[in-house]
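J.: The structure under discussion is supplied below as structure tokens; questions concerning it will follow.
The numbers here are math on the coordinates, done by the rules we state, and not lab data. It should be emphasised that the depicted structure is a prediction, and the values quoted were computed from it without experimental measurement. Cβ: placed from backbone, ideal geometry, glycine included. Neighbour counts: every protein chain shown.
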Amino acid sequence: MTVWDILIPVFIFIGLGVFAGLLLSVFSKIFAVKTDEKVEEVVAALPGLNCGVCGFSGCENYAQNIVHGGAKTNRCVPGGDEAAKKISAIMGTAFEDVTECVAFVACEGKVPENTSDLYTYDGEQSCAACSLYYKGKGVCNYGCLGYGDCANVCNFGAISLDSGVAKVDPTKCTGCTMCTKACPNGLLKIRELAKHVVVTCASCSGGKQTIANCKHGCIGCKKCEKTCPNGAITVTNQVASIDSALCTNCKACMEVCPRGCIVEL
Amino acid sequence: MKELMIILFSAILVENFVLNKFMGICPFLGVSKKMSSALGMSAAVTFVMLMATALTYPIYKLLLEPFSLDYLRVVVFILIIALFVQLTEIIIKRFVPPLYHSLGVYLPLITTNCAVLGVTILNIDNTYTFAQSMFNSLGAGVGFALALVIFAGVRERVDAADLPKAFKGIPATLIAASIVSLSFVGFSGIVEGIFK
Amino acid sequence: MYKSIVKPTLTLTLIAVIVGALLALTYQLTGVGNASTGIAADKLAEYQPTVLPSASKLVQANVTSETAGFLGAYVDEGGTGCAINISAKGYHGNDSLNLLIGFDQNGAIAGIYAISTQETPGVGTKATEPDYLSAYIGKTAPVTVAKDGSGDIDAIANATISSNAVGDAVNQAFAIYEELKGELGL
Amino acid sequence: MSYLKTFTKGIIKENPVLVMLLGTCPTLAVTTLAVNGLGMGLATTFVLVCSNIVISLLKNVIPKEVRLPSFIVIIAGFVTFVSFMLQSYLPDLYSALGVFLSLITVNCIILGRAEMFASKNNVVASALDGLGMGVGFTFALLCIGIIRELLGSGSFFGISLGDWFEPIGFFAQSAGGFFVFGVVIAVVNVISHYKISKKKIGCANCPNAAACGAKEEGAEA
């Protein structure tokens, strides 16, 4: 056991240690990516969902636009007032209230109460896959398929499925609109939290066909459109839809609807 | 040249690092949810494996073997691999941000990837020459990529399949992996057959 | 400059040096790491009946051979033969098969003992079980292993790789035996 | 958190192998025989506890730039020390574990616990956490090892069950490892009433979560 047997490894490790340490510290100094602290602060205040409700391609992009592009600080709906307050504090601008929005499902096609299935489907358990086979297993081509693609996407666990139709829990929903993109039939629509009256149908197959398909479907009779005092309801290609901004919760349309598919959530 | 080909193809097919030697299972299970992440991860792993072998082999031959310090190889190798991965991460983050964003989350994962350290140690254990060990790591990397990509495809189907509640998620993935690994056993005679 | 360059380098070097020194110390003090060169005497006595039944006592001969896989050669004091310890390429990579092969005076196999094997348990290990290895007794160089019974030894179903590995190892041992016969005085 | 909870959390609730799916490489590779699984489990526990202690001692000294390399060098030092011990005192276990003994250094559990726990808590808590995780790891390896040995080579800790049971080669091979591991996790799912599988295996369990920049963007690992 010569002393060299100890010294050689020590020298090797001194060489390696210095080499590694120098390289790492020098590299991380020279090649440091110049990031703007303010942008990082704003990104930290945002929920980081990259959902795109604010109209930008993600939280990072929205933060850059807030700091440099002067974008408004209250466009992040999932972040809600709390995120808007934090960002306004960082940016020193006045805090503006964020209009709280939530999603809802425009379909009540429960099987067997309201509608029925065309075929039994045991392929891939996803709405997207099921909707490829003759526009879905339901008799109505626009109905909810109940395989929960929207529920899988929702980060807040706000969507649950009861007897084959998705339902959104307004208390948990933050309005991030990730589910609207996941539904193949586009049944998930956005409404303001304060406005409770919604049309729970999206079937564009007109009167006679909808009556045959579903007990709850909108037949596009336009009665609601005529009676609405604020013109908030419009019937476009055989199905009614409510513009949240104009609606005042007066429920006039609910009484007059012969099919009962305008509902208060 | 034939010897190199044997090593290359046996590393890809027969002695596949993931399915036969069980190295690199953590990223194999964790990252193969989507095909895009699988491709990104396997490209990064193959690159790091090649560079790691290129760095560790000479150091072993020049520094460790002459002084018969074979017992230090684990510490020295892992230090070099960790150093190299962190440097690559810094450089990619600085010069190629889009690549960093697509690869970024997987680069630090590679330091704790058993396959990378495994291939460097096996190169020494099998007393390969430098060319042979480079081919071995290329084979290992491509084998890793092959297994990962095949498995990503299988997994996307498995996740959507109608399974009993207990088997949803990871158990189904593992049983799918067992069948894919079984299919790789079929290659065992192939390399000797082709190149004999 | 200090905080971001010198301090990290210093800490990393210090840690590496301490770990390295400690390992070097334990390695040298306990002499534990270096692989024991030969088979320990008690183990040798244990293997001797299966490897060279006629021998009285196997003693390590200080001869070396350059052929790959050679681990040691042992000669019988009574001069009835010798044994060669060899590590060969098994199913799981290079030295995953460690055999001790005994030869009688005229170079035929007197017995084989599998010291350690990393073959897949239950599958590959069948090729290293004593009764399968006893088929080699009496065989002279070169030994052929085949599935269809045409070779001296027939390979085991679904463990062909391991059976071939054992066959190759035996042939390797024959080569070493020929090379060292003179030095061993047989 | 009380020390006892730190210790017991690693065994069942956050079992590193069955729940957090870390350290799966040795779990599949070494459990062809139960005794190998036990050996690997104990070796890893030793390394885990020692490295947790040392890292929690040094946590304020190591600067950010060289964090990962220094952690890894400490762990590699302990692993080499364990391989010395095994090589001299348990040679057959040493040859059975083979290359996976030195692969303990890159075992995701050790670096994971070092990064997520040891570098943030005091020495005693880290040591207990290491011990808990180690026991959990050994327990999981033992279960899988026993099952694979029973089915694969018809023996229990080396004692053969007699020849009435024809061992099924599949379980000793690598494909069998995946299969048994999957079934064991399914059983754990049922036992824990699916509480565990609901937990998203996202960035939280990744050993490099702290050191990697992509976590804030919600990248799902």
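J.: If the elastic network links every pair of Cα atoms under 10 Å, which of D:104, D:62, D:75 fluctuates the most in the Gaussian network model of chain D?
T.: With Cα springs under 10 Å in chain D, the top fluctuation among D:104, D:62, D:75 is at D:62.
J.: Once phi is turned into θ = phi - 60°, what whole-Hz ³J(HN,Hα) does the Karplus curve with 6.51, -1.76 and 1.60 give for every residue of the stretch B:88-102, x standing for Gly and Pro?
T.: Per-residue couplings from phi come out as 4, 5, 5, 5, 5, 4, 7, 9, 10, x, x, 4, 4, 5, 7 Hz.
J.: Have a look at D:182, D:132, D:37 and tell me which one the Gaussian network model of chain D (Cα, springs below 10 Å) gives the largest fluctuation.
T.: Ranking D:182, D:132, D:37 by mean-square fluctuation puts D:182 first.
J.: Rounded to the nearest 20 debye, what is the charge dipole size of the protein assembly as shown about its Cα centre when +1 sits on each Lys and Arg Cβ and -1 on each Asp and Glu Cβ? Walk me through the numbers before you get to the answer.
T.: Working: 59 positive and 62 negative charges, 726 e Å.
Dipole about the Cα centre, nearest 20: 3480 debye.
J.: If you find the alpha carbon centre of the stretch A:76-91 and of the stretch B:8-45, how far apart are they in angstrom?
T.: Going from one Cα centre to the other spans 42 Å.
J.: If you don't mind, there's one more thing I want to ask. Radius of gyration and Dmax for chain B's Cα atoms, expressed in Å?
T.: 17.7, 60
J.: Estimate the FRET efficiency between residue A:263 and residue A:94 by the formula 1/(1 + (r/R0)^6), using the beta-carbon distance for r and 41 Å for R0, to the nearest 0.05. Please report the intermediate quantities before stating the final value.
T.: Numbers: r = 38 Å, r/R0 = 0.92.
For R0 = 41 Å, the calculated efficiency reads 0.60.
J.: What does the C-alpha gyration tensor say about the overall shape of chain A? Classify as rounded when a/c is under 1.5, otherwise prolate if a/b is larger than b/c, or oblate. All intermediate terms of the calculation are to be shown ahead of the outcome.
T.: Numbers: a/c = 4.16, a/b = 1.94, b/c = 2.14.
Cα axes put chain A in the oblate bin.
J.: Quick one: which residues, 5+ away or cross-chain, put their amide H under 5 Å from the amide H of residue C:61? H built at 1.01 Å from N.
T.: The answer is C:73, C:74, C:75.
J.: In whole Hz, with x marking every Gly and Pro, tabulate ³J(HN,Hα) for the stretch D:135-150 from phi via Karplus 6.51 cos²θ - 1.76 cosθ + 1.60, θ = phi - 60°.
T.: 5, x, 4, 4, 4, 5, 4, 5, 4, 5, x, 4, 4, 5, 6, 4
J.: Still on this structure, please answer the following. Picking from A:22, A:246, A:187, which is most flexible by a Gaussian network model of chain A using Cα springs under 10 Å?
T.: With Cα springs under 10 Å in chain A, the top fluctuation among A:22, A:246, A:187 is at A:22.
J.: Treating the beta-carbon of each Lys and Arg as +1 and of each Asp and Glu as -1, no other charges, what is the dipole magnitude of the stretch A:1-67 about its Cα centre, to the nearest 20 debye? Numbers along the way, then the final one.
T.: Working: 3 positive and 6 negative charges, 25 e Å.
Result for the stretch A:1-67 is approximately 120 debye, rounded to the nearest 20.
J.: For the protein assembly as shown, rounded, prolate or oblate, judged on the Cα gyration tensor with a ≥ b ≥ c (square roots of eigenvalues), a/c < 1.5 rounded, else prolate if a/b > b/c?
T.: It is prolate, given that a/c is not under 1.5 and a/b is the larger ratio.
J.: Once amide H atoms are placed 1.01 Å from N in the peptide plane, what residues at a sequence separation of 5 or more from residue C:111, or on another chain, have their amide H within under 5 Å of its amide H?
T.: C:102
J.: Once Lys and Arg get +1 and Asp and Glu get -1 on their Cβ, which of A:114, A:257, A:179 lies farthest toward the positive end of the dipole of chain A?
T.: A:257
J.: Of A:4, D:164, how do they rank once you tally other Cβ atoms within 10 Å and put the fewest first? Numbers along the way, then the final one.
T.: Numbers: A:4 10, D:164 6.
In order of increasing Cβ crowding within 10 Å: D:164, A:4.
J.: Step through the residues of the stretch C:50-65 one at a time and calculate ³J(HN,Hα) from phi using the Karplus curve (6.51 cos²θ - 1.76 cosθ + 1.60, θ = phi - 60°), rounding each to whole Hz and writing x for Gly and Pro.
T.: My calculation for the stretch C:50-65 gives 7, 7, 9, x, 6, 6, 8, 8, 8, 10, 5, 9, 8, 10, 10, 9 Hz in order.
J.: Shifting gears a bit: Which far-off residues, 5 or more places away or on another chain, put their amide H under 5 Å from the one on residue C:147, with H placed in the peptide plane?
T.: C:155
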